[in-house]
Each structure stands twice: as structure tokens, then as C-alpha cells.
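The values are calculated or read from the model by the stated rules, or taken from the named source; none is laboratory data. Nothing here was measured: the structure is a model prediction, and the numbers come from that model. Heads up, the Cβs are rebuilt from the backbone with ideal geometry, glycines too, and the neighbour counts pull from every protein chain shown.
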Amino acid sequence: MKLTSASLDALRVGFKAHFQGAFDAEAGLNDYAKVAEIVTSTAGEEKYGWLGELPGMREWIGSRVVHGLVEHDYAIKNRDFELTVAVDRNHILDDTLGTYATRFKALGKAAARNPDQLVFGALKNGFTTDCYDGQPFFDTDHPVIAENGVKMSVSNIAPMGGAGMPFWYILATKEIIKPIIYQERQKPEFVHLDKPTDQNVFSQKKFIYGVDARCNVGYSFWQMAYASNLTLTADNFASAYSALAGVKGDYGQPLGIRPSLLIVPAQYSGQARKILHADQIEGTTNIHKGTVDLLVCPWL
């Protein structure tokens, strides 16, 4: 193949088609939108100082009570992501490009998977990464004001966790905002340095193609998520469900949380399906059938 503008343009179009086809196919399988609020970012970082305000209506006695006077110092800074493929000039000249279709398909698949990896990575790392209240997203010491006005600690982790056991999660994903925030500044974009005069071609005989994206993840309300590494049984599921549904806000205010999704690693898929789909468990009517949706997650 001669290195003309027309031939290189055609080559790029073919590479991008392989990339885009694999990207679209994989993006159709993504699960991150089931648990993450997708926020369009317009700057290097976005501030979420309003997090922590979960007020309910009250009887109007005296003056209005104004919420949002105290802001939390919580922001999500966008990060840059890339993946790059080099095509040897001699392979173009010799028309030996057969294996590159697979490489560009892999490029597209990896780009499409990035949001899933980030979002479920945030869920998995929620035991060590802080949310808006300065505590880890999953923690035993979230500060809440009790009915008597005294600050108390609230947990969204099952007590007496099983040592070495995998974690599973119950989330409320149908509230006004989902528990995880996926912040998108720039969608994945196919980019290229493929002119014969580009430095990488001149110096290294490499035509370079890649994908760029800018995004990041963070947390919204810890009150909408509960984690457990106790063995996944019907009883432990019921306890976790009740704990999440019973979370209260400041001054003992019920939040009305409705758990809606059970997320489990692959090793718990059978037990989770049994709890949520079976008519009976050990000869007894399964009262948990259909309680929440199920997501078996390969990223946990």
C-alpha cells in the first residue's frame, strides 16, 4: 500500500469502524448506569456541597426552616484516561494488517468497559474512600443527629462481617439520585497521529491511534447503600434489607429508602438467584422472591 493521503484516510476509517463496532457492542452490555448517577461535567472538577441534605416536609409552625445552609466540602476531580495502539509503517507498506482488526476491536471494548470498571471499582473501594461526610462510603461511624439533638454514629455495613468472605451489596437505585456518581467530562474519542510527516512516523515508523476520555467517579448518599460480607443467606439478606430500609436522617426522620438492587460477585450468583427467584427455600415459601432486582457483577 502506498502512503498517500487517500490510502491513509481509508485505513483510518477502517480502524475506526472496528473500534466503534466493538465499542457499541460492549457498551450495550454495561451495567454502571444501573447504580450510578451520570453527571455531565463542564470543568476540571465538580463540587457536590449539597450532599448531606435529605430533608422531608414538616408542618409549618413559626418561620421556615432553611436547608442547605451548611455545605460539605466534597468535589470530584476529572481524570484522564487513554489507550493507544501503534501500527508499524512496514505493515502498511506490505499490506500485512490482518491482525490489526482484532487490536482495534480490543481498543473499543476496553474503552466501553472503563465506566463499569470505575463505578464498580468505587463500590468495591467504598470501605477506604471517603464520601461527603468525611467517612468512608461504607463505614460504621457516619455522623447523624439523633432525635434528642446529640450526634450519633450510624453504620451501613453488616456487623460481625465474615473474615475473608466476599462482599455483596444492597442499593437503593430508584431514589432521586443513585448511590454512585459517574462524572463525564469527555466521552471516549478516537484520536490519531497518522500523517507521514508526524514525528512518531518519521522517528519510529509508527502510526499511532488511540482513545481518550475524561471522567471520574464518586459517591452520593451513603444512606442508599449497604454492604455485607456475611454468607449470603435468606436471613442475612433480610437483615441487610431491613437495615437499609430503616435508615433515618437527622433528628430521627425516616428517609423512606426503598432497597431495589442486590449486587453480588459471581460466586454468589446461585444463592442470590435462589433467594430472589425461587418459589420455596428448603420447603418453605420464599417471602423474598422478587423483593429486589439482581445484578451479578464480574468486576467485584
Exercise. Considering the range 159-211 alone, what residues qualify as being basic (Lys, Arg) and under 20 Å from the mean Cα position of the chain (by Cα)?
Worked result: Lys174, Lys178, Arg185, Lys187
Exercise. Quick one: which of Gly126, Gly121, Gly108 is at pLDDT 95 or above and assigned to a loop (DSSP other than H, G, I, E, B)?
Worked result: Gly126
Problem set entry | Qualifying residue in the range 149-162 (condition: in contact (Cβ under 8 Å) with a residue 40 or more places away in the chain, surrounded by fewer than 16 Cβ atoms within 10 Å (Cβ to Cβ) and more than 27 Å from Gln267 (Cβ to Cβ)) | yes
For this session: For the range 258-278, indicate whether the set of residues that are surrounded by fewer than 21 Cβ atoms within 10 Å (Cβ to Cβ), touching a residue at least 24 places away in the same chain (Cβ under 8 Å), within 29 Å of Glu46 (Cα to Cα) and of a type outside the set (S, T, N, Q) is non-empty.
Result: yes
For this session: Test Arg103 against the criterion of being part of a helix (DSSP H, G or I), at pLDDT below 95, within 30 Å of Gln183 (Cα to Cα) and among the charged types (D, E, K, R), and give yes or no.
Result: yes
Problem set entry | Matching residues, the range 202-231, being in contact with a Phe, Trp or Tyr (Cβ under 8 Å, 6 or more places away or on another chain), under 17 Å from His192 (Cβ atoms) and among the β-branched types (Val, Ile, Thr) | Val211
Exercise. If you scan the range 247-257, which residues turn out to be surrounded by 15 or more Cβ atoms within 10 Å (Cβ to Cβ) and of a type in the set (Gly, Ala, Ser)?
Worked result: Gly249
Exercise. Residues that are closer than 30 Å to Arg103 by Cβ: which strands (runs of 3 or more DSSP E) entirely in the range 174-273 hold 2 or more of them?
Worked result: 180-193, 206-219
Exercise. Among the residues of the range 167-203 satisfying the criterion of being out of contact with any strand residue (DSSP E or B) (no Cβ under 8 Å at 6 or more places or on another chain) and more than 30 Å from Leu3 (Cα to Cα), which is surrounded by the fewest Cβ atoms within 10 Å (Cβ to Cβ)?
Worked result: Ile176
Exercise. Mind checking which residues of the range 279-300 are of a type in the set (A, V, I, L, M), crowded, with 17+ Cβ neighbours inside 10 Å and either over 30 Å from the mean Cα position of the chain (by Cα) or not in a strand (DSSP E or B) (or both)?
Worked result: Val292, Leu300
For this session: Residue by residue through the range 34-78, note down the ones that are charged (D, E, K, R), surrounded by fewer than 12 Cβ atoms within 10 Å (Cβ to Cβ) and at pLDDT 70 or above.
Result: Asp73
For this session: Within the range 226-246, identify whether any single residue is under 30 Å from Thr40 (Cβ atoms), crowded, with 16+ Cβ neighbours inside 10 Å and not hydrophobic (A, V, I, L, M, F, W, C), and answer yes or no.
Result: yes
